[in-house]
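What follows is a set of notes on a single structure, which appears directly below.
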Amino acid sequence: MQALADHGIVHRDLKPAQILVFGGGGGWRTMHAKVADFGRARGTDVTATATAAGGGFVGSYPWGAPESLESDVYTTMSDVYSFGCILSEVGALWAIRTWLGSVASLDGKVEK
C-alpha cells in the first residue's frame, strides 16, 4: 500500500481477488503478496472518477470506502480502507479455521 502511495497511484478496486499470494513453501513467513489488476487505477491527482459511463462509483461495494461510495472521490486513504476490509476478512477466516481445528481435535474425546 505504501508503494502505491509513494508512486502516486490510487488502485480504486482493492478486494480479495486482487491480492495474489504465493510462496509459503517454508511456512507463512515465506509467503508474499502482490496487488494485481490496475485497470481502474488512477493517479492521486485525479479526485473524481472518469469512467466510460460518465462517472460514478468505481470498484466493489463491499470493500469501497464510504467517501468513495457517497461522493465518488478516491484518495490513497480509500485504498487503505479497502485494504483494512480485506485484512478483517483474513482475520475472521483465520479465527474460524483455528476454532474449527480446535473442535476437530476434540472429536472422539468428548462424550456424546
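The values are calculated or read from the model by the stated rules, or taken from the named source; none is laboratory data. None of the values given here were measured: they were computed from a predicted structure. Cβ placement follows ideal geometry from the backbone for every residue including glycine, while neighbour counts extend to all protein chains displayed.
In segment 5-26, how many residues are surrounded by fewer than 11 Cβ atoms within 10 Å (Cβ to Cβ) and part of a loop (DSSP other than H, G, I, E, B)?
Adding up the residues that qualify gives 3.
Which pairs do you get when a residue that is on the phi > 0 side of the Ramachandran plot and modelled with pLDDT of 75 or more, found in segment 44-66, comes within reach of a residue that is in a loop (DSSP other than H, G, I, E, B) and surrounded by 10 or more Cβ atoms within 10 Å (Cβ to Cβ), reach meaning Cβ atoms under 9 angstrom, with the pair 6+ apart or on two chains?
Here the result reads GLY59/HIS11; GLY59/ARG12; GLY59/ASP13; GLY59/LEU14; GLY59/LYS15; GLY59/ARG40; GLY59/ALA65; GLY59/TYR74, each pair linking segment 44-66 to a residue that is in a loop (DSSP other than H, G, I, E, B) and surrounded by 10 or more Cβ atoms within 10 Å (Cβ to Cβ).
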